[in-house]
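Taking it in order: structure first as C-alpha cells, then the write-up.
Read-outs throughout are calculated quantities, based only on the coordinates presented, and are distinct from any laboratory measurement. Small disclaimer: the values here were computed from a predicted structure and weren't measured. Cβ: placed from backbone, ideal geometry, glycine included. Neighbour counts: every protein chain shown.
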Amino acid sequence: MSQCTNYNITVSFGFWPSEVSWQLVNSSSAVVASGFAGANQTVCLPDGCYTFLMLDSYGDGWNGAAFTITDPGLSVIATGTFTSGFSASQSVTLGNINCCPPGTISYLIQVSSGFYDYEIYWYVKDGSGNVVATGGAPFNSSFCLAPGCYQFYLFDSFGDGWNGSVYTISEGGNVIATGTLEDGDSEVNLIGIGGVSCIPNCSAGEVPYLLSITEGIFPNEIFWTLENPGGVEIDNGGAPSAQYFCAAEDCYTLNMFDSFGDGWNGAEYLLYDENGNEVQSGTLNFGTNGITQLEIGNADCGIVDPITASDCIAAVDICENFSFAIDPNGQGLINEIPPLGSLGNPDYLVDGVNSPWGTDNYGCLRANELNSTWMIINIWQGGILNFTFGGMGTQAGFYDWIMYPYDSLDGCQDIYNNVLPPVRCNWNMTASGGTGLQSVIPAGGNAGNFEPPLAVSTGDQYIICFSNYSSATTTVPLDFGGTAVVGCFPLMLPVELISFNADSKGESVELNWTTLSEQNNDYFEVQHQMTDGEWKTVGTVDGNGTSTSILHYSFLHRQPFNGSNYYRLKQVDFNGAYAHSEIAFVYIEGNEIVIYPNPNTGRFICKVPALQMKIYDALGREVEFTQTSNFEIALNNPAKGIYFLENLLNDIRSRVIVE
C-alpha cells in the first residue's frame, strides 16, 4: 500500500444543508471520500491530483456552505464553494506534485472570507473566452494556466461589492495579482499570467485605453461595438467585459445595443486612461440602441449641455443620451412660442382622431414658455425615433414640451413668426413616470404623457422647447430609443445621389435619378405625396449593391394628380436602414382645378368660382379668402404652409403651398 497522509475535510452547514452533498475523486475517477453538509472527516490520502465535486439537489448552489481541506499541520490545502447551479468542481493538489500539463504552470487562486460570502461569485476566462476557474468565497485552489492575458470577473448578488473579501493569484509564493469589488454588482480585472502584459503596445501617437462594461440585470441582452474616427469597427463585445484598445487623441464612437429593447438595465460603460483614471462613463437607459462619443485625450466631440432659461437661438446640439439641469429662471430673453390655439402652438381638438402633433391630450404648451430649455436633435441614421424625458422614476414635476422640424437658417424665426406647426408636443397629464415619444408606455408611465413615435430620415434635425412648468430644480435624463440613431458625426450616406427629377410624359410622370456611388444599396422606393400630406409608395426599383460608378435609374408613374405632384425616393440598405432624397416637383395640366403659380405667397389664379370652393389649412380649419373677377384668389392673413382647395361640385381637392 502506498504511503498516505491524513487530511481533514470539513463542510459547513450553510443555509440549506439538506441540499448539500460532495465527493472527492482521484485521478483514476475513483471516489475516495464523500458526505454531506456538516462533515468533519479525516482521510488518509497519497500525494496526487484530485477533484472535489460539489452537489446541490435544489440547483441554487451551496447557499453559504463551504468545504475546507487541511493537512496535519492545519495548513489550508483547498477551500471553496459555489453560488448557483446543481454542481461545481474544484481541482485539489495533495503533496509536492505537479498536476499541470506541459506549457502550463500551477497558480493558486485564493478568495478570503468577507462579511457576506454567500453574495460572492467569480470566474476567470482565458484569451479565447474559455472559463478556466470559477468559485465563490472563501476559496483556495490551484489551477494550471498557460501564459496569456486573463479576465477575472467579480460579481456580487446584492450589488454592494465584496464587503471585505479579497482575491489573490500567486505562483510559488509570489503574488501575481490581487483585488476586490469595491462597490456595485460586477467588475472585470485584466491579469497577465506568465509575464504577459494585458496592456497593448500602441503605435506612435496612440495610447492604451481600457473600456469596461459592467454586468447589469440582463447581461445576455447587451452587445456593443467600438469604431475609430473613420467609422471602422476596432472592437466589440458583450457584458460584462473589459478590453484595451489603442487610440489617438480624437472622437471614437461607442454603439450600444440591447436585444430586448429596454436599455442596459443597470449595466454601464467605464472608460479608463493609461493611468487607470476613469475619464468617462454612461449607459443605455432605454430602447434598442444608442450611440455615444468617447472623447480621447483632449478631443472635443461637441458634447454640450443645454442652457437653462435659454432662447431658441441658444439651442445646443444633442448627440447622445444625456442629462441636463433645469431651474426656475424664466424663458430667456425672447418668448418664441406663439399663442395657444395658433399654427405653432395648437390646442387640442375633441374629434376622436389623433392630431398631427400626436395625441389630442391637452394640446401643446398651454402656459407657453416656462423656464424653457432648447435643444436640437440630430438624426444620424433614419428610422423610428423614440425618446423619454425623466424616465426611471426621475420626473420631478410637469415636463411639458413642443417639437418642431429645424432649419439652422430660419428655424427659430419661423417658430417666432408662427408659420411652423410642431411635429409632436405634450402637455403632461401627470408629474411623474416620464414623458416623450413611445409606442409602449414605460413601466410607471401615464399614456397622457407620451406621444406616438416619429418616422425620421438621415440628416433630419428637430428642435425641442422643454418647459419646466413646475419650476423644479433638478436634473432631467433624456434617453433615445427606437430604430433611429441620434448623433452629431459626419453623415455617412450609403448612396450619393447627384440628381432626381420629375417630368410630365402625357398623362404620366417620368422620374429619373442618378447616383455617383452606392454602398449596400438594396432598393429604392418611389414615393408620391397624397393630398392629405402622407407619402405613398407607388413603386420600387432595385439598387446595385455597392458601386463606385455613375448609375442612372428611371420610373414611370402612370397615375399622377391633375395639378401639383410631389415625389421623393426612399433608399433602403440591405440591413433595413434608409434615407430619403430631396423632393421633386412636376405640374400636370387637368380639367378639375388649375392653380397658378404654386407655390405662391397666398395670391394665385384658380378658375373655380368662389361659390363653388372652400379652402382649408393643414389642420382642417376653413380659411377665409377673396376672389376677383379675373379668378385671382387672395388668402386672408396667410401663414407659410400647406392649404387645400376643394371644388365643391366634384369633391376634387388640390394642394396650395404658401411660401
Checklist entry - If pairing requires two Cys Cβ atoms under 4.7 Å apart, which cysteines of the chain are left without a partner? => result 465, 606
Item to check | Expected-Rg normalisation [2.2 N^0.38 Å, Cα atoms] applied to segment 379-514 | outcome: 1.31
Next on the checklist: Please return the longest range in the chain lying between exposed loop sites, taking trypsin sites (Lys or Arg not before Pro), DSSP loop only, at most 11 other beta-carbon atoms within 10 Å, and leaving the sites out.
Outcome noted: 1-557
Item to check | Whichever lysines have a C-alpha closer than 22 Å to that of residue 505, once near sequence neighbours (fewer than 8 apart) are set aside | outcome: 536
Checklist outcome for this item: Rounded to 0.05, the calculated FRET efficiency for the beta carbons of residue 223 and residue 170 at R₀ = 45 Å is 0.80
Checklist entry - Contour minus end-to-end for residue 610 and residue 556, with contour as 0.36 nm per residue of separation and end-to-end as the Cα-Cα distance? => result 15.9 nm
Checklist entry - Which value results when the Cα radius of gyration for the chain is divided by 2.2 N^0.38 Å? => result 1.30
Next on the checklist: 5 Å is the cut-off here: which amide hydrogens, built 1.01 Å from N in the peptide plane, fall below it relative to residue 321, excluding neighbours closer than 5 in sequence?
Outcome noted: 291, 480
Item to check | Full-stretch length increase - residue 34, residue 57 - with 0.36 nm per residue and alpha-carbon distance subtracted | outcome: 6.8 nm
Item to check | Along principal axes, Cα extents of segment 63-135, largest first, whole Å | outcome: 39, 37, 22
Next on the checklist: Using only alpha-carbon positions, what ratio does the radius of gyration of segment 190-263 give when scaled by 2.2 N^0.38 Å?
Outcome noted: 1.24
Checklist entry - Considering only the chain, what is the antiparallel percent among its DSSP beta bridges, to the nearest 5? => result 95 percent
Checklist outcome for this item: Here the tail fraction of P(r) beyond 15 Å, over all Cα-Cα pairs of segment 223-292, rounds in percent to 53 percent
Checklist entry - In nm, what is the difference between 0.36 nm times the number of residues separating residue 447 and residue 632 and their Cα-Cα distance? => result 61.9 nm
Checklist outcome for this item: Kirkwood-based Rg/Rh on the Cα set of segment 129-232 evaluates to 1.00
Next on the checklist: Can you tally the net charge around residue 364? Count Lys and Arg as +1, Asp and Glu as -1, for every other residue whose Cβ sits under 12 Å from the Cβ of residue 364.
Outcome noted: -3
Checklist outcome for this item: segment 443-552: spread of alpha-carbon positions along the three principal axes, whole Å, largest first, is 60, 35, 24
Checklist entry - Suppose R0 equals 30 Å; then what is the FRET efficiency for residue 123 and residue 15 from their Cβ-Cβ distance, rounded to the nearest 0.05? => result 0.85
Item to check | Cα-only radius of gyration and Dmax that characterise segment 1-47, units Å | outcome: 12.3, 40
Checklist entry - Using 1/(1 + (r/R0)^6) with R0 = 45 angstrom and r between the beta carbons of residue 130 and residue 548, what's the FRET efficiency to the nearest 0.05? => result 0.55
Item to check | Net charge contributed by nearby residues that have their C-beta within less than 15 Å of residue 392 (K/R +1, D/E -1) | outcome: -4
Item to check | Relative intensity, log₁₀ I(q)/I(0), of segment 294-404 from a Debye sum that treats every alpha carbon as a point, q = 0.09, 0.16, 0.17 Å⁻¹ | outcome: -0.30, -0.91, -1.02
